[in-house]
Amino acid sequence: MRIARVNTHVVGNPWKNWVFVTVESDDGLVGVGEGTVNCFGQTTEQAIRELAPHVIGQDPFQIELLLQRLVRDIYSEGGQVHKSAVCAIEVACWDLMGRALGQPIYNFLGGRLHRKVRAYANGWYRGERTPENFHACALEVVARGYTALKFDPFGAEWRIMDPYNEDLSLDIIAAVRDAVGPKVDVLVEGHSRFSPSVALKLAERMAPFRPTWFEEPIHHQHQAAMAEVARHSPVPIATGESLTSEHQFAELLATNTVSILQPEIHHLGGLLTAKKVCAMVDAFYGVVAPHNAQGPVSTAMCLQLAACTPNFFVQEVFDEFNVPWSRDLVDNPTDVVDGWIEIPERPGLGINLNLEECEKHPYERTYFLPLFRSGWERREAQT
């Protein structure tokens, strides 16, 4: 089997254009992947097209060799856009492998450990940034059966917070805890907003509400600062979604301060490197909660990783809170039942991309998530 063609399909979702890939083999099989990056839909699509000639004619089973051709041999460091483009191709090759052999991808990565995995809800808190709205929305989430949910209560803040917004953010956290009760995991998202001192002050104030983690409260680029915040925070720090190599994870893990890591399959260049990162985290007695804020193909990718990962903790899921037509993009959309997702046994990723449905929703420049603009929580197209 050889790779014959690499095709891109950009789908316009109102809060993030999704970038899908189909890789065709010379014997007629088609593998699916995803490489979405916020605000860089067309850029990532073009990166995939520029990388495609480096894999045409190659054996899709040779993942390590393909990664060398797409990463090492390119030499230039393209960060999240580069790695997400690589990911789309790499995952589609795993999918081809699974289809050719009639096996799910996780059987090539160590085999299935979990028949189902726990999910946490995200994207559920659209609307006004008030304690009352967050309380009402959180009630709906737990009514669906979720036992964990994540949210960013901090509005459009950056580096510092004025007293009013600080108090409002804490009131929102309190409202969510009140809505879900003591047994549900409350996950507070920081979106790299704060300075270390502000992050620690917020961690101290939210600690009485027992959040399971405070996610990426400061920017990921300063590993030493992230470690220092984690060392002193009364709330466990979670981070890792923005890192683009196993080497960056190694540097962070060496500080022995963060034990909840969130590898992003897209940013790591695919499933193989993500699996390696999960093993590294396990060696440091940590757990992984894979980041997943993209489309339905990404969710299918995460399930393959979760299925074969001993130190898996919980899986991020937006699928129930996306636009309704997003479920029509694939033939086996993910279902969350009482807060859990059954691991599929179908070959490859276990899904097929509906290209006709994809074409109904074209790319739009205004489709991205402006996290430092007031009202971003509504996840609407920007003007």
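The values are calculated or read from the model by the stated rules, or taken from the named source; none is laboratory data. The structure displayed is predicted, hence computed values, not measured ones. Cβ: placed from backbone, ideal geometry, glycine included. Neighbour counts: every protein chain shown.
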*Taking the range 155-179 as the region of interest, how many residues are under 30 Å from G145 (Cβ atoms) and either in contact with a helix residue (DSSP H, G or I) (Cβ under 7 Å, 6 or more places away or on another chain) or β-branched (V, I, T) (or both)?*
11
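Go through the range 297-328 residue by residue and tally those that are of a type outside the set (S, T, Y), under 20 Å from Q80 (Cβ atoms) and touching a residue at least 40 places away in the same chain (Cβ under 8 Å).
So the first thing to find is which residues in the range 297-328 are of a type outside the set (S, T, Y), and the list is 297, 300-308, 310-325, 327-328.
Right, trim to under 20 Å from Q80 (Cβ atoms) and you get 297, 301-302, 305, 316, 318.
This time we only want the ones that are touching a residue at least 40 places away in the same chain (Cβ under 8 Å), so: 297, 301, 305, 316, 318.
Going through the range 297-328 one residue at a time, the tally reaches 5.
Output the residue which, of all residues in the range 26-51 that are of a type in the set (S, T, Y) and surrounded by 20 or more Cβ atoms within 10 Å (Cβ to Cβ), is nearest to R327 (Cα to Cα). If you could, list the steps in order and put the result at the bottom.
Initial filter on the range 26-51 (of a type in the set (S, T, Y)): 36, 43-44.
From what's left, surrounded by 20 or more Cβ atoms within 10 Å (Cβ to Cβ): 36, 44.
Numbers: T36: 17, T44: 23 Å.
The extreme case among them is T36.
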*When you scan the range 20-72, how many residues do you find that are in contact (Cβ under 8 Å) with a residue 24 or more places away in the chain, of a type outside the set (D, E, K, R) and in a loop (DSSP other than H, G, I, E, B)?*
13
*Check whether at least one residue in the range 88-111 is over 17 Å from the mean Cα position of the chain (by Cα), surrounded by 15 or more Cβ atoms within 10 Å (Cβ to Cβ), in a helix (DSSP H, G or I) and among the polar types (S, T, N, Q), and report yes or no.*
yes
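Identify, from the list F284, F312, the residue that is of a type in the set (F, W, Y), touching a strand residue (DSSP E or B) at 6+ places or on another chain (Cβ under 7 Å) and on the phi < 0 side of the Ramachandran plot. Steps first, answer last, please.
Details: F284 fails: touching a strand residue (DSSP E or B) at 6+ places or on another chain (Cβ under 7 Å).
Only one candidate qualifies: F312.
When residues of the range 338-383 are filtered for being among the β-branched types (V, I, T) and either touching a helix residue (DSSP H, G or I) at 6+ places or on another chain (Cβ under 6 Å) or closer than 30 Å to A100 by Cα (or both), how many remain?
Residues flagged as among the β-branched types (V, I, T) and either touching a helix residue (DSSP H, G or I) at 6+ places or on another chain (Cβ under 6 Å) or closer than 30 Å to A100 by Cα (or both) within the range 338-383 amount to 3.
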*If a residue has to be part of a strand (DSSP E or B) and within 13 Å of the chain's Cα centre (by Cα) to count, how many in the range 293-343 make the cut?*
3
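Could you tell me whether A119 is assigned by TED's automatic domain parsing to the domain that holds N292 and crowded, with 19+ Cβ neighbours inside 10 Å? Step through it out loud before you land on a result.
Numbers: assigned by TED's automatic domain parsing to the domain that holds N292: yes; crowded, with 19+ Cβ neighbours inside 10 Å: yes.
Answer is yes for this residue.
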*Within the range 331-368, work out how many residues are closer than 30 Å to V180 by Cβ and either crowded, with 18+ Cβ neighbours inside 10 Å or touching a strand residue (DSSP E or B) at 6+ places or on another chain (Cβ under 6 Å) (or both).*
9
_So G12, is it buried (at least 23 other Cβ atoms within 10 Å of the Cβ) and either within 28 Å of F321 (Cβ to Cβ) or outside the structural domain of D328 (by TED's automatic domain parsing) (or both)_ = no
*Just give me the residues in the range 34-88 being out of contact with any Lys or Arg (no Cβ under 9 Å at 6 or more places or on another chain), of a type in the set (D, E) and at pLDDT 95 or above, in sequence order.*
E34, E45, E50, E64, D73
*Do any residues in the range 189-207 that are assigned by TED's automatic domain parsing to the domain that holds N292 and at pLDDT 95 or above have Cβ atoms under 7 Å from those of residues that are surrounded by fewer than 17 Cβ atoms within 10 Å (Cβ to Cβ) and part of a helix (DSSP H, G or I), where the two are at least six apart or on different chains, and which pairs are they?*
P196/A225; L200/H232
*Considering the range 215-239 alone, what residues qualify as being over 23 Å from the mean Cα position of the chain (by Cα) and hydroxyl-bearing (S, T, Y)?*
S233
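For F209, indicate whether it is surrounded by fewer than 24 Cβ atoms within 10 Å (Cβ to Cβ), under 23 Å from N133 (Cβ atoms) and of a type outside the set (K, R). Show your work before the answer.
On the way: surrounded by fewer than 24 Cβ atoms within 10 Å (Cβ to Cβ): yes; under 23 Å from N133 (Cβ atoms): yes; of a type outside the set (K, R): yes.
The answer is yes for F209.
Go through Q304, Q294 for me and flag whichever is in contact with a helix residue (DSSP H, G or I) (Cβ under 6 Å, 6 or more places away or on another chain), surrounded by 20 or more Cβ atoms within 10 Å (Cβ to Cβ) and in the same structural domain as V117 (by TED's automatic domain parsing).
Numbers: Q294 fails: in contact with a helix residue (DSSP H, G or I) (Cβ under 6 Å, 6 or more places away or on another chain).
From the options Q304, Q294, the qualifying one is Q304.
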